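Just so you know, all these numbers are worked out from the coordinates, no wet-lab data involved. Note that this is a predicted model, so its numbers are computed, not measured. All Cβ positions, even for glycine, are placed from backbone atoms using ideal geometry, and neighbour counts span all protein chains on display.
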Amino acid sequence: MPQAQSMTIGEKLDMRMKSLELEKQGKLVEAEKLKKQIPLAPYLAKFYKEHLGLGALLKTGWNLSEAVAKYGSDFLS
């Protein structure tokens with residue numbers, strides 16, 4: 001389910017840098033979880049939905065809040 005909170009570019013970059021540091025430490029699962037908290041770009045979410053299907057998109061665990069904000073709440077149905 002998407003997270004309602006939006007993020008600034010600075011917050012996104014900070015989270016990505018933290019996830020990269022976790023990857024360097026070999027903490028791959030933790031890095032992946034942190035990375036997926038960053039909202040997926042709406043155009044990527046739309047592409048994935050169109051080509052893989054809504055179910056597959058939802059199973060990825062990505063934060064879809066920006067896609068919902070751009071395309072509306074119907075995007076996830």
Please report how many Lys pairs in the chain have alpha carbons closer than 20 angstrom, counting only residues at least 8 apart along the chain or sitting on separate chains. 28
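If packing is taken as the mean number of other Cβ atoms within 10 Å per residue, what is the order of 35-42, 6-13, highest first? Working shown, then result.
Details: 35-42: 17.2, 6-13: 11.4.
Descending mean neighbour count gives 35-42, 6-13.
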